[in-house]
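Just so it is clear, none of the values below were taken in a lab; they were calculated from the coordinates. Keep in mind that this is a model prediction, so the values were computed, not measured. All Cβ positions, glycine included, derive from the backbone under ideal geometry; neighbour counts span all protein chains shown.
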Amino acid sequence: MKVLLIADGRSPITQRWIESMREDNIEVYLASTYPCSRPENISGFYLMPVAFANFSHKNSGKAPAGPTTAIQPPNSQKGMVSRFRGAFMRLRYLLGPLTLPYYGLKLNRIVNKIRPDAVHALRIPFEGMLGSQLSHRYPLAVSIWGNDLTLHAKGSWIMGKLTTATLHRADALAADAARDIRLGKLWGFSPEKQTLVIPGNGGISLSDIRLIADDGQARLNWLPQDHHIIINPRGFRPGSVRNDTFFKSIPLVLSQVPNTLFLCCSMAGQPEALGWIEQLKIEKNVVLLPTLKQTDLWPLFQRAEASVSVSQHDGTPNSLLEAMALGCFPIAGDIESVREWIVPGENGILIDPDSPEQLANAILCAIGNEPLRQKAAEQNRQLIMTRAEKSVVSATLAAFYRQLSNSR
């Protein structure tokens with residue numbers, strides 16, 4: 001079977017999705033909407049930087065050798081991107097759709113050449129919107145990310161119209177939360193069409209993730225042994241993740257437990273993070289990390305007592321599932337999609353994304369209640385095993401593509 005993915009080729013999610021497909025002997029082609037190098041073990045690769053993706057930027061790099069300081073000198077390009085991140089997103093909402101017809105023609109030429117059995121866009125903006133330009137000869141699946149409908153679809157009038165058009169065109173809908181399937185139907189997806197709810201990262205191999213996390217512990221000797229470790233793995237996601245709430249909670253935690261260290265992924269050199277640290281005088285207790293590979297993040301999850309993700313728009317974050325798989329106590333925003341995984345007070349804590357006080361109390365509870373953390377760790381491993389284990393997800397995904405192909 002041939003499947004063409006329309007996705008961000010840089011993304012670890014895309015790369016793991018491809019890996020899962022290859023395990024089921026699916027011939028994979030990739031149309032990447034961001035510039036990247038060609039992934040291994042795929043049959044075809046095409047670049048389509050729709051919506052000015054050429055001008056976007058993601059941090060990359062290795063973890064620092066140790067927490068010598070939270071303040072890291074900002075790279076000028078990173079600083080510009082950070083300062084104008086919100087403005088760039090609004091510009092994409094308004095002008096990004098103008099690039100779709102050009103890349104739509106290119107995409108149709110590609111599919112007419114390779115003739116895939118199915119096409120799958122791994123999110124709605126702008127991958128699904130690009131996929132909606134395809135001829136109806138080819139069955140199209142579209143995945144929803146957690147903020148596609150609750151945030152991006154409302155970014156402008158044209159974004160709303162294109163979101164509805166994409167869901168009308170889609171022959172199948174996939175999401176990592178049942179909530180998004182429900183919302184997709186409200187936005188125009190036919191209730192009679194095919195749907196799928198599975199983790200967006202293609203599943204988790206519990207044995208592999210634990211082995212890699214165990215092996216990585218030796219590289220964490222820069223972490224102080226006498227400190228409680230709290231990790232924020234999400235970085236800056238405008239409109240979705242409330243890092244203002246996160247930073248404001250830190251002094252409240254430190255007033256009760258001063259030997260707490262906060263690790264902040266994808267924030268190295270970011271002016272917004274540097275500004276909060278300076279304003280709140282918390283530089284001794286915060287380490288700003290660059291963007292890490294998933295395999296470098298896993299040992300940190302295993303070492304940390306809690307993982308914090310204060311989302312107000314989200315699906316099921318892959319970092320949430322990975323933290324749960326590694327016994328790291330999850331603290332997250334109290335939103336519908338996350339409640340599909342977390343029962344507050346049993347296997348995690350959910351808080352009002354507007355409340356630094358609630359977040360601080362949740363972190364203090366995680367630090368001070370080891371029996372709760374142990375109970376949650378066991379319960380979460382069982383949840384991952386039954387609902388997100390890679391072998392289960394891979395088989396489900398292969399069946400999804402077969403049914404999609406047969407729909408034509």
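Among bridges DSSP assigns within the chain, what percent are antiparallel (round to 5)? Walk me through the numbers before you get to the answer.
Details: 1 of 45 bridges.
Looking only at bridges with both residues in the chain, the antiparallel portion is about 0 percent.
Would you mind calculating the gained length between Thr386 and Gln403 on full extension (0.36 nm times residue separation, minus the Cα-Cα distance), in nm to one decimal?
Numbers: separation 17, 0.36 × 17 = 6.12 nm, distance 2.29 nm.
Roughly 3.8 nm would be gained on extension.
Across the stretch 298-307, in residue order, what do the Karplus-derived ³J(HN,Hα) couplings come to in whole Hz, using 6.51 cos²θ - 1.76 cosθ + 1.60 with θ = phi - 60° and x for Gly and Pro?
So the Karplus estimates, Gly and Pro as x, are 4, x, 5, 4, 5, 7, 6, 7, 8, 10 Hz.
Would you kindly derive the ³J(HN,Hα) couplings of the stretch 191-200 from the backbone phi angles with the Karplus curve 6.51 cos²θ - 1.76 cosθ + 1.60 (θ = phi - 60°), listing them in order in whole Hz, with x for Gly and Pro?
x, 7, 8, 6, 9, 8, 10, 8, x, x
In the stretch 284-386, which GluC sites (Glu not before Pro) are in a loop and have at most 13 other Cβ atoms within 10 Å, using DSSP for the loop call?
On the way: sites: Glu305, Glu322, Glu336, Glu340, Glu346, Glu357, Glu378; in loops: Glu305, Glu340, Glu346.
Those that pass, being in a loop and sparsely packed, are Glu346.
Hey, rough spin-label estimate for Gln256 and Ser207, points 7 angstrom out along Cα→Cβ, what's it come to in nanometres?
4.1
Tell me the label-point distance for the pair Glu378, Lys193, using the 7 Å Cα-to-Cβ offset, in nm and rounded to one decimal.
Simple spin-label model gives 4.5 nm for this pair.
Which ³J(HN,Hα) values, rounded to whole Hz and listed in residue order, are derived for the stretch 267-279 from phi using the Karplus coefficients 6.51, -1.76 and 1.60 in 6.51 cos²θ - 1.76 cosθ + 1.60 with θ = phi - 60°, glycine and proline given as x?
Each residue of the stretch 267-279 in turn: 10, 4, x, 7, x, 5, 5, 4, x, 5, 4, 5, 5 Hz.
Once the principal axes of the Cα atoms of the stretch 206-387 are found, what is the range along each, listed largest first in whole angstroms?
Between the extreme Cα coordinates on each principal axis of the stretch 206-387 lie 44, 37, 29 Å.
Among the DSSP beta bridges whose two residues both lie in the stretch 206-387, what percent are antiparallel, rounded to the nearest 5? Numbers along the way, then the final one.
Details: 1 of 19 bridges.
Roughly 5 percent of the beta bridges in the stretch 206-387 run antiparallel, per DSSP.
Collect residues whose amide H, placed 1.01 Å from N in the peptide plane, falls under 5 Å from the amide H of Glu389; neighbours closer than 5 in sequence don't count.
Ile204
Give the long-range amide H neighbours of Cys265: residues separated by 5 or more places, or on another chain, with amide H under 5 Å away, using H modelled in the peptide plane at 1.01 Å from N.
Those qualifying (amide H under 5 Å, at least 5 residues apart or on another chain) are Asn232, Arg234, Gly235, Leu289.
Report the gain in length on full extension from Leu95 to Asn25: 0.36 nm times residue separation, minus Cα-Cα distance, nm rounded to one decimal.
Numbers: separation 70, 0.36 × 70 = 25.20 nm, distance 3.88 nm.
The span from Leu95 to Asn25 would gain 21.3 nm if fully extended.
Search the structure for amide H atoms under 5 Å from the amide H of His120, placed 1.01 Å from N in the peptide plane, and list their residues when 5 or more places away or on another chain.
Leu4, Leu5, Ile6, Ala141
Between Ser205, Val111, Trp222, whose Cα lies farthest towards the positive end of the dipole of the chain when Lys and Arg beta carbons carry +1 and Asp and Glu beta carbons carry -1, centred on the Cα centre?
In the chain, that residue is Val111.
Restricting to Cα pairs below 8 Å that are 6+ residues apart, what does the relative contact order work out to for the chain? Please round to a whole percent. Before the final figure, lay out each step's value.
On the way: 781 pairs, mean separation 72.6, N = 408.
Across the chain, relative contact order equals 18 percent.
Could you check the simple spin-label distance between Asn112 and Arg38, using points 7 Å along Cα→Cβ, in nm with one decimal?
Simple spin-label model gives 2.4 nm for this pair.
If you filter the stretch 147-231 for chymotrypsin sites (Phe, Trp or Tyr not before Pro), then keep DSSP loop positions with at most 16 other Cβ within 10 Å, what is left? Before the final figure, lay out each step's value.
Values: sites: Trp157, Trp187, Phe189, Trp222; in loops: Trp187, Phe189, Trp222.
Qualifying residues, ordered by number: Trp222.
Rounded to a whole number of µm²/s, how large is the Stokes-Einstein D of the chain at 20 °C and 1.002 mPa s, given Rh as the Kirkwood radius over C-alpha pairs? Spell out each step's value before the answer.
Numbers: Rh = 21.8 Å.
For the chosen part, D equals 98 µm²/s.
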